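What follows is a short report on a single structure.
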Amino acid sequence: FMGKKINQLLAKPVYPYLYGFAFLIFKSSVYFGSFDLFRAFNFLFLFCVATCLFMFLFGKITRPALAGIPTVIIWASLFHVVGVAQLFHYPYAYIPIAFYAWFYCFVLFVLSVFCFVSARRPFPASAFFNRLANVFLLICSLVFFLSGVHNLDKTKTEAREHYHGPARNLDLNLKKDIVWILMDEYGSSASLSDQFSFKNPLDSLLQEKQ
């Protein structure tokens, strides 16, 4: 019974929503250590609302079973336009407006052709396509998630080895013998005294700790 329910669910066009989820996991996989759950929830909520509107709109223009395809095309053109520009050797820091104009004209042309053709020709394999797309994006999301967990563990290991050396029965709760304080753009005590008449208590504090 449960397998039948899952099969019925996979036969539905859920993949446009899964695309946003997979994209979020993919983009966050490098930054799992600073992952913000609240912002992620807001992104998914707004993404699902906009996707629902796109699905409704394209369901009226073309066949409802195929409304997910132009929806994914729109999201892909928005999310990956910079990557496409880099394929044409444009630098990341500067992409000319002309490229955006030509690129989105091409996207509109593809959408128009797809809607015109799909509205006049049946697509009996839509359920199979939905299952294929849904399972593919679920697998991609799982792979991206595991990659993010691996990157997070690797980052923690590198940081631990950088500060404490290779891990060999290391107790992180032990007090450190040496504390390295790096003052970024912090004036010297003499400069602070001469220019601002400020007596820096840090010198005497550190001398007392010796």
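Looking only at trypsin sites (Lys or Arg not before Pro) in DSSP loops with at most 12 other Cβ atoms within 10 Å, what is the longest site-free stretch of the chain? List each step's numbers first, then the result.
Numbers: sites that count: R120, R168, K175, K176, K199.
It works out to 1-119.
What relative contact order, as a whole-number percentage, does the chain give when Cα pairs under 8 Å and 6 or more residues apart are counted? Intermediate values should be presented prior to the final figure.
On the way: 125 pairs, mean separation 67.4, N = 210.
After rounding, I find 32 percent.
Considering only DSSP states other than H, G, I, E and B, which chymotrypsin sites (Phe, Trp or Tyr not before Pro) in region 1-72 qualify as loop sites with at most 14 other Cβ atoms within 10 Å?
Here the chymotrypsin sites (Phe, Trp or Tyr not before Pro) that fit, given the DSSP loop and packing criteria, are F1, Y31, F35.
For all pairs of alpha-carbon atoms in region 1-90, what percent lies in each bin of width 10 Å, listed from the first bin to the last filled one?
14, 36, 33, 15, 1, 0
Apply the Karplus parameterisation 6.51 cos²θ - 1.76 cosθ + 1.60, with θ equal to phi minus 60°, to every residue of region 101-111 and state each ³J(HN,Hα) to the nearest whole Hz, in sequence, with x for glycine and proline.
4, 5, 5, 6, 5, 5, 4, 4, 5, 4, 4
For region 190-201, in order, what is each residue's ³J(HN,Hα) by Karplus, 6.51 cos²θ - 1.76 cosθ + 1.60 with θ = phi - 60°, in whole Hz (x at glycine and Pro)?
5, 5, 5, 6, 6, 8, 10, 6, 10, 8, 6, x
How many Å² of accessible area per residue for the chain, probe 1.4 Å? Don't skip to the end; give the middle numbers.
Values: 16050 Å² over 210 residues.
Roughly 76 Å² per residue, with all protein chains present.
Using just the alpha carbons, could you tell me how many Å³ per residue the convex hull of region 71-167 encloses?
Details: hull volume 13.4 nm³, N = 97.
Normalising the Cα hull of region 71-167 by residue number yields 138 Å³.
Would you work out what percent of the accessible area of the chain, with all protein chains in place, is carbon or sulfur (probe 1.4 Å)? Mind showing how you got there, number by number?
Details: 10870 of 16050 Å².
Carbon and sulfur atoms account for 68 percent of the accessible area of the chain.
The values are calculated or read from the model by the stated rules, or taken from the named source; none is laboratory data. Predicted model, so just to flag it, every value in this text is computed and none were measured. As a convention, Cβ positions derive from the backbone with ideal geometry for all residues, glycine included, and neighbour counts pool all protein chains shown. Keep in mind that these areas ignore ligands, DNA and RNA; they rest on the heavy atoms of the full protein, side chains included. Shrake-Rupley method; radii C 1.70, N 1.55, O 1.52, S 1.80 Å.
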